[in-house]
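Reading through the structure tokens given below for one structure.
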Amino acid sequence: MEKEDLRKELKVSAIENGTVIDHIPSKNVFQVIKILNLSEYQNQLLIGTNLDSNKMGKKGIIKVSNKFFKSDEINKIALVAPTATLIIIKNFEVVEKKKVEVPDYAENIVKCFNPNCITNNEEIATKFTVIDKKELKLRCHYCEKITARNNISFR
Amino acid sequence: MKNKSLVSINDFTRAEHVRILELAGAFEKNPRQHILQDFVVATLFFEPSTRTRLSFESAATRLGAKVIGFTDSSSSSVQKGESLRDTILTVSNYCDIIVMRHPREGSARFASEVAKVPVINAGDGANQHPTQTLLDMYSIRKTQGSLENLNIAFVGDLKYGRTVHSLVQALCNYNTTFHFVSPLELKLPSAVKIDIKQRNLVYHQSTDLLDVIPKVDILYMTRIQKERFSDPLDYEKVKNTYVLHNEMLAGAKPNLRVLHPLPRVNEITTDVDSNPMAYYFTQALNGVFVRQALLASILGVVD
Ligand SMILES: [Zn+2]
């Protein structure tokens, strides 16, 4: 193999079967791993971050062997990685490409922006209803205040 | 409503609100009935609110219930660092219903999920105070004969007043025409207006109290607090603009009633008190009947 090709091969090491999560904002790669519980994952897992991307400048990518996510499971990451694309691989072939979608509910992913909310003062899982997917507005199940894109942060 | 917690005003349906108001009317006629003598009511006040606590305790005691609890967190295990979860789980063992007040928003919702008994929210920070909303609805219905199609003015601090927000939410079910009167700094937040707009109800915003008085059936006054202004000069400019004097009621409709969640500071001068349109002290009394209705129906003693 040519040196250049080898380098490329190492960067994008293919998986036989599984899911590639591409176009993750670099800074949120580890949030995605946390949300999908991948730190405990027993199969092959490839994680790349700060990779060059024409679209995004820098991006992150995660390749999960032998794993096909259910849509309500994978859509949770739309809150931290709205730009993410999913590539489903079977026998080294791309069989499907899709975008993540913002879910209707978010459990224990987002932090309530209200400092006086009980979830910021006791050990409680946060729960939000997404009331506006486009503008990303989430209503806290506890304090009923709205956390929006401009003040969103993650647990 | 048996075993149902009341955390937010919207936890109960319109029909359930109406039922509570009807029951409250029956308790007003006959407030001393020993129908709760087999029950223990816990009043957990993690921050003091003497007025609300006494109203609940009066309601419970007049129905024959035993009342246990604490009046502020300094006298309880919370002081020793116990979590809200543990306090609620423990107290659930000792009582049939919990009435709680807590300085943090969302605390009552969380407690209702942890507790083995129903929870009535008596105020969670700046969020909800549904029993105040129900007593306001009771007062409006009683003085006007109905909740439908009324012109209701809210005056003062409409930005931070949770009492105003919940009552506006509830009144959206009754084809209300709203008149919001406040300084520009304390206008009703747009999140509250969403409900009004969704139902295509009419609302007017103004800064002129005198202009609104002849148009309305209910004048709901609230206090403007100095701390709400970033610039003290802004407060000085408006502080006397939203004070109700007796002579200002000269042009009012005869059915107008003045409401106020109390305590009042100076936003209604005492010369209004003797005007038959002043209703705020009776409004506070109505709180006892509404709380009797809630305790009795949630404990399943009445349907
Ligand atoms: Zn919250």
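The values are calculated or read from the model by the stated rules, or taken from the named source; none is laboratory data. Since we're looking at a predicted model, the values are computed, not measured. Don't worry about glycine lacking a Cβ; one is built from the backbone with ideal geometry, like all the others, and counts go over all protein chains shown. Accessible surface areas use protein heavy atoms only, side chains included; no ligands, DNA or RNA. Shrake-Rupley method; radii C 1.70, N 1.55, O 1.52, S 1.80 Å.
Numerical summary
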{"item": "Flag for residue B:29 being more than 17 Å from the chain's Cα centre (by Cα) and without any contact (Cβ under 8 Å) to a residue 12 or more places away in the chain", "result": "yes"}
{"item": "Breaking point among (1) hydrophobic (A, V, I, L, M, F, W, C); (2) touching a residue at least 40 places away in the same chain (Cβ under 8 Å); (3) away from the ligand (no atom under 12 Å from the Cβ); (4) open to solvent by 30 Å² or more (accessible area, probe 1.4 Å), for residue A:88", "result": "(4)"}
{"item": "Unmet criterion (only one of (1) buried (at least 23 other Cβ atoms within 10 Å of the Cβ); (2) within 13 Å of another protein chain (Cβ to nearest Cβ)) for residue B:138", "result": "(2)"}
{"item": "Failed item in (1) farther than 24 Å from residue B:136 by Cα; (2) without any contact (Cβ under 8 Å) to a residue 12 or more places away in the chain, with residue B:239 passing the rest", "result": "(2)"}
{"item": "Any hit, segment A:105-112, residues being within 30 Å of residue A:18 (Cα to Cα), touching a residue at least 60 places away in the same chain (Cβ under 8 Å) and within 14 Å of the ligand (Cβ to nearest atom)", "result": "yes"}
{"item": "Odd one out for residue A:98 among (1) in a strand (DSSP E or B); (2) more than 24 Å from residue A:135 (Cβ to Cβ); (3) of a type in the set (Lys, Arg)", "result": "(2)"}
{"item": "Count of segment B:72-123 residues which are part of a helix (DSSP H, G or I), farther than 19 Å from residue A:140 by Cα, open to solvent by 20 Å² or more (accessible area, probe 1.4 Å) and within 11 Å of chain A (Cβ to nearest Cβ)", "result": "1"}
{"item": "Complete set of residues in segment A:127-148 that are within 17 Å of residue B:7 (Cβ to Cβ) and in contact (Cβ under 8 Å) with a residue 12 or more places away in the chain", "result": "A:127, A:128, A:129, A:140, A:141, A:142, A:143, A:145"}
{"item": "Residue in segment A:60-78 that is away from the ligand (no atom under 14 Å from the Cβ), open to solvent by 30 Å² or more (accessible area, probe 1.4 Å) and over 30 Å from residue A:16 (Cβ atoms) present", "result": "no"}
{"item": "Sole residue being of a type outside the set (Phe, Trp, Tyr) and at pLDDT 95 or above, chosen from B:275, B:266", "result": "B:275"}
{"item": "Among residues of segment A:125-151, those that are more than 9 Å from the ligand (Cβ to nearest atom) and in contact with a helix residue (DSSP H, G or I) (Cβ under 6 Å, 6 or more places away or on another chain), counted", "result": "1"}
{"item": "Scope segment A:115-155; condition in a loop (DSSP other than H, G, I, E, B), open to solvent by less than 60 Å² (accessible area, probe 1.4 Å) and more than 8 Å from every other protein chain (Cβ to nearest Cβ); matching residues", "result": "A:125, A:126, A:136, A:152"}
{"item": "Enumeration of residues in segment B:32-50 that are without any contact (Cβ under 8 Å) to a residue 40 or more places away in the chain and surrounded by 15 or more Cβ atoms within 10 Å (Cβ to Cβ)", "result": "B:33"}
{"item": "Matching residues in segment B:183-221 - criterion: being open to solvent by less than 20 Å² (accessible area, probe 1.4 Å), at pLDDT 95 or above and touching a Gly at 6+ places or on another chain (Cβ under 8 Å)", "result": "B:213, B:221"}
{"item": "Residue B:61 being touching a residue at least 12 places away in the same chain (Cβ under 8 Å) and part of a helix (DSSP H, G or I)", "result": "no"}
